[in-house]
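Asker: Take a look at this one; I'll ask things after.
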Amino acid sequence: MLEHAKFITTHAPKNDVCPIFSKQVSAKKAVSEATLQITACGLYEAYINAHRVGDAYFTPGWTAYQHRIQVQTYDVTDLLGTENEIRIFLGKGWYASSISRGVYEPQAGPCSVIAALTMTYEDGTRETTVTDESWCYAESGIRYSDIYHGEIFDATVEPKEWKNAVVTEGRHELLIPQEGELVKQTEVIPAVNIFITPKGERVIDFGQEVTGYVCFPTVGKRGEHIVLDHAEVLDKDGNFYNENYRKAKSQVTYIANGNEDGFYHPIFSFQGFRYVRLTEYPTDELYVGDFSAIVVHSDMKRTGHFACSDPMVNRLYQNVIWGQRDNFLDVPTDCPQRDERLGWTGDAQVFCRTAAYNYRVDNFFRKWLHDLACGQLENGAVTWIVPSLDRNAGAFAWGDAATVCPWEMYRAYGDRRILAEQFDSMKKWCDYVYNKGDGPAAWGGEKQFGDWLGLDAEEGSYRGATNDLLLGTAFLAYSCDLVIKAGRVLGEDVASYEARKQEVKDAFAREFINEDGMLTCDTQTAYVIALQFDMVDDKATYASHLADLVRENGNKLKTGFIGTAYIMDALSDNGYADVAYSLLLQKEFPSWLYSVRKGATTIWEHWDGLKPDGSMWSSDMNSFNHYAYGAVASWLYGTVAGIRPDEDQPGYAHVHIKPIPDARLEWAAAELETAYGTIKSGWKKEKDGYRITVTIPSGSTADITIGDTVHTVSAGNYEYILK
Ligand code: BGC
């Protein structure tokens, strides 16, 4: 792509100041159509005749830049006149901010931009203007910009001292067309309050934790500063608190030029925040209506909706939605605020089923999975984060993103291409784990995260008590199973994986099941995983024991990232929906609704992020916007409302409907937009039982399970009473 264009940069591409590149272009005849193809090693924002090109942000997105850089194509016909100026701002973005630790430049060159404007004249002839040494550049007012640390914009700077652009050895072979959803500004949230904290600081509250940036009025005399700092929560005294951002400064500075009529927001940096401190602000005249938070994320289409009679559960569900919006900014990130914001594979893996109910995410994951595959080490190990920044790789549950995410996308959308594209990567991951050694001692060993943040962890540890070897072995069996299923869809020979799966299951039984037939590791997560990954035959006994473990713990969880993702299904799919409901409706610490009670507007990383006494868990690992525990929403859709895809006819060609009501709620309902139309399922408590109403869209078929009876139906509206 962009064969004739050159990557252009400045004489000092490592400088903090963001450059603007410029080129005059004349249209010699009447233009019938014009397109701009563009991308950057860094982030770009392009203007033609002072009009912004397109409505995408943070372009070209974040890919494994050393392998792939997406190119965007815009229709710019309406922006062109006879004499035109193209201006392109270039920021460091993920490519060269502190987040990427300098890994990309040695491989793909310095920060640079490459573009081609193609005008098709009305007489059918074409003219293309490409980036080359004839372009010039100057310093822009963006004096500093960094994904983690924020931005400094000096409005007094007028670009001057234009110099010729420097052509840099480009890597044309890295260029690919846009794959994922573009990132857009999706909502503007007005500030709800400005208040003075006990420490005397002025703080704005947006009422909701978001990812994006603040849009603020450009007040101040020439040279005066506006300095904004961002935070997720207040401390227990009600003061501004951002220690948990760790090294991410998340500070936005605006240097006024005296023109007070405008509004400004950062261009190449985003923050995760609910509160903003006016660390410096030139005036005491503050109007809450002047400040807004602009929400930015991948432009996914909303597909799922859930509501029930309990307002706290509804708030929890909204928190899951926000967790996804705040963390699906081109890659699925662990969190949007501290010095991580990385595509942690384990987090994405446990959340992707929920994500695919909430929003249409097949393109989003397809792009990310391509990056996962090209970052996979020679031995097949999947890197901890994707796009990868180093060779840290090979953790179970994290690396299993390679098999779980493609399969979940196939289940939800029925498109076998994602399996075809990822099949090699899926196998490579399984082979890697299997080839580590001939038994559980190898499959779960080495650097692992375990049941990350499980509450049964030893004091001071991040890792839950469940045995790593048990978990690693179970995940290998699960991944083999997914390779087998994917291979069958694709018509591949999977006999060796079938044999392997059996071998792994046998090893699991030998190693982790004691003479009483129970697990050698007596934790909630161990039983959850044994049930969910089909590691045991006697599911009834295991489920009953899991239910006991939960009840004995006062109907509370002890699970971390792994156990939490599956505990609700493990209970309700095996006859203990009532226990799962007890977990859902639990309001005491630790529980989902505990965080809601504490005012959460997103999902917390830690069950005890904010402790019952108001103190914080710690500042070193305490995000209030980590979607992993939001995986519970797939249970709201899939069990409370009972809508699940049929793996054999995926993408909701055939639907399983099996709502499981509970008397502690009056009603619950979910809707899911699919390729066939909208599926609805809900129930309401009535005198003679639960009235269940279901809608199946045209083209879909369903089996609707009401108690012990299965009704096989095609499109239509259905009503039943469940006694
Ligand atoms: C991230 C997690 C991630 C983990 C690996 C953390 O720092 O925030 O969400 O999965 O590291 O255990």
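Asker: Of the conditions (1) among the aromatic types (Phe, Trp, Tyr); (2) under 15 Å from residue 413 (Cβ atoms); (3) surrounded by fewer than 24 Cβ atoms within 10 Å (Cβ to Cβ), residue 652 satisfies every one except a single condition; which number is it?
Answerer: The failed condition is (3).
Asker: Could you check the range 299-344 and list, in sequence order, the residues that are away from the ligand (no atom under 16 Å from the Cβ), charged (D, E, K, R) and buried (at least 24 other Cβ atoms within 10 Å of the Cβ)?
Answerer: 325, 330, listed by residue number.
Asker: Residues in the range 626-661 that are within 16 Å of the ligand (Cβ to nearest atom) and farther than 30 Å from residue 489 by Cβ: how many?
Answerer: Final tally of qualifying residues: 2.
Asker: Look through the range 265-298, keep the residues that are charged (D, E, K, R) and at pLDDT 95 or above, and return whichever of them is most open to solvent (accessible area, probe 1.4 Å).
Answerer: 280
Asker: Still on this structure, I have one more. Any residue in the range 305-321 that is free of Cβ contacts under 8 Å to residues at least 24 places away in the same chain sitting within a Cβ distance under 7 Å of a residue that is open to solvent by less than 40 Å² (accessible area, probe 1.4 Å)? List the pairs, counting only those 6 or more apart or interchain.
Answerer: Listed by first residue and then by second, the contacts come to 314/307; 314/308.
Asker: Here's another thing I want to ask about it. So residue 14 ticks every box in (1) farther than 15 Å from residue 268 by Cβ; (2) at pLDDT 95 or above; (3) not hydroxyl-bearing (Ser, Thr, Tyr) but one. Which box is left unticked?
Answerer: Going through (1) farther than 15 Å from residue 268 by Cβ; (2) at pLDDT 95 or above; (3) not hydroxyl-bearing (Ser, Thr, Tyr) one by one, residue 14 breaks only (2).
Asker: Same structure again: Name the residues in the range 564-601 that are within 12 Å of residue 554 (Cα to Cα) and part of a helix (DSSP H, G or I), would you?
Answerer: Hits for the range 564-601 are 579, 582, 583.
Asker: Let me ask something else. Residue 151 passes all but one of (1) at pLDDT 95 or above; (2) under 30 Å from residue 362 (Cβ atoms); which number fails?
Answerer: So the condition that residue 151 fails would be (2).
Asker: Among 628, 669, which is the only one that is out of contact with any Ser or Thr (no Cβ under 6 Å at 6 or more places or on another chain), crowded, with 24+ Cβ neighbours inside 10 Å and over 21 Å from residue 712 (Cβ atoms)?
Answerer: 628
Residue-by-condition table, conditions (1) within 16 Å of the ligand (Cβ to nearest atom); (2) open to solvent by 10 Å² or more (accessible area, probe 1.4 Å); (3) in contact with a strand residue (DSSP E or B) (Cβ under 9 Å, 6 or more places away or on another chain); (4) in a helix (DSSP H, G or I):
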site: 406; (1), (2), (3), (4): no, no, no, yes
site: 421; (1), (2), (3), (4): no, yes, no, yes
site: 425; (1), (2), (3), (4): no, no, no, yes
site: 434; (1), (2), (3), (4): no, yes, no, yes
site: 437; (1), (2), (3), (4): no, yes, no, no
site: 446; (1), (2), (3), (4): yes, yes, no, no
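Asker: Related question: Name every residue in the range 636-677 that is within 30 Å of residue 487 (Cα to Cα), in a strand (DSSP E or B) and out of contact with any helix residue (DSSP H, G or I) (no Cβ under 6 Å at 6 or more places or on another chain), in order of residue number.
Answerer: Once the filter is applied, which keeps residues that are within 30 Å of residue 487 (Cα to Cα), in a strand (DSSP E or B) and out of contact with any helix residue (DSSP H, G or I) (no Cβ under 6 Å at 6 or more places or on another chain), the range 636-677 yields 646, 649, 654, 655, 656, 657, 672, 673, 674, 677.
Asker: Still on this structure, please answer the following. Residues 615, 619, 623: which one is out of contact with any strand residue (DSSP E or B) (no Cβ under 7 Å at 6 or more places or on another chain), more than 16 Å from the ligand (Cβ to nearest atom) and touching a residue at least 24 places away in the same chain (Cβ under 8 Å)?
Answerer: The conditions single out 615.
Asker: Also, I was wondering about something else. Taking only the range 386-404 into account, find how many residues are within 14 Å of the ligand (Cβ to nearest atom) and basic (Lys, Arg).
Answerer: Going through the range 386-404 one residue at a time, the tally reaches 0.
Asker: Looking at this structure, is residue 77 open to solvent by 20 Å² or more (accessible area, probe 1.4 Å), at pLDDT 95 or above and of a type in the set (Ser, Thr, Tyr)?
Answerer: It is true that residue 77 is open to solvent by 20 Å² or more (accessible area, probe 1.4 Å), at pLDDT 95 or above and of a type in the set (Ser, Thr, Tyr).
Asker: Given (1) part of a loop (DSSP other than H, G, I, E, B); (2) open to solvent by 10 Å² or more (accessible area, probe 1.4 Å), where does residue 623 come up short, assuming only one miss?
Answerer: (2)
Asker: Please work out which one of (1) out of contact with any strand residue (DSSP E or B) (no Cβ under 9 Å at 6 or more places or on another chain); (2) exposed (fewer than 15 other Cβ atoms within 10 Å of the Cβ) is the condition residue 148 fails and give its number.
Answerer: Among (1) out of contact with any strand residue (DSSP E or B) (no Cβ under 9 Å at 6 or more places or on another chain); (2) exposed (fewer than 15 other Cβ atoms within 10 Å of the Cβ), residue 148 violates only (2).
Asker: Something else now. State the number of residues belonging to the range 686-705 that are free of Cβ contacts under 8 Å to residues at least 40 places away in the same chain and either assigned to a strand (DSSP E or B) or under 23 Å from residue 650 (Cα atoms) (or both).
Answerer: 10
Asker: Hey, could you check the range 345-382 for residues that are within 16 Å of the ligand (Cβ to nearest atom) and part of a loop (DSSP other than H, G, I, E, B) and say which is farthest from the chain's Cα centre (by Cα)?
Answerer: 381
Asker: Quickly run through the range 453-467 and pick out the residues that are crowded, with 24+ Cβ neighbours inside 10 Å and either within 12 Å of the ligand (Cβ to nearest atom) or not assigned by TED's automatic domain parsing to the domain that holds residue 436 (or both).
Answerer: Within the range 453-467, 453, 454, 464 meet the criteria.
Asker: Which residues, taken from the range 544-556, are in contact with a Phe, Trp or Tyr (Cβ under 7 Å, 6 or more places away or on another chain) and surrounded by 22 or more Cβ atoms within 10 Å (Cβ to Cβ)?
Answerer: Of everything in the range 544-556, just one residue is in contact with a Phe, Trp or Tyr (Cβ under 7 Å, 6 or more places away or on another chain) and surrounded by 22 or more Cβ atoms within 10 Å (Cβ to Cβ), namely 546.
Asker: Do we have residue 489 as more than 15 Å from the ligand (Cβ to nearest atom), modelled with pLDDT of 95 or more and in contact with a Cys (Cβ under 6 Å, 6 or more places away or on another chain) here?
Answerer: Answer is no for this residue.
The values are calculated or read from the model by the stated rules, or taken from the named source; none is laboratory data. Keep in mind that what you see is a predicted model, and the values were worked out from it rather than measured. Using ideal geometry, Cβ is built from the backbone for each residue, glycine included, and neighbour counts are taken over all protein chains shown. Side chains are part of the model used for accessible areas, which takes the heavy atoms of the whole protein and leaves out ligands, DNA and RNA. Shrake-Rupley method; radii C 1.70, N 1.55, O 1.52, S 1.80 Å.
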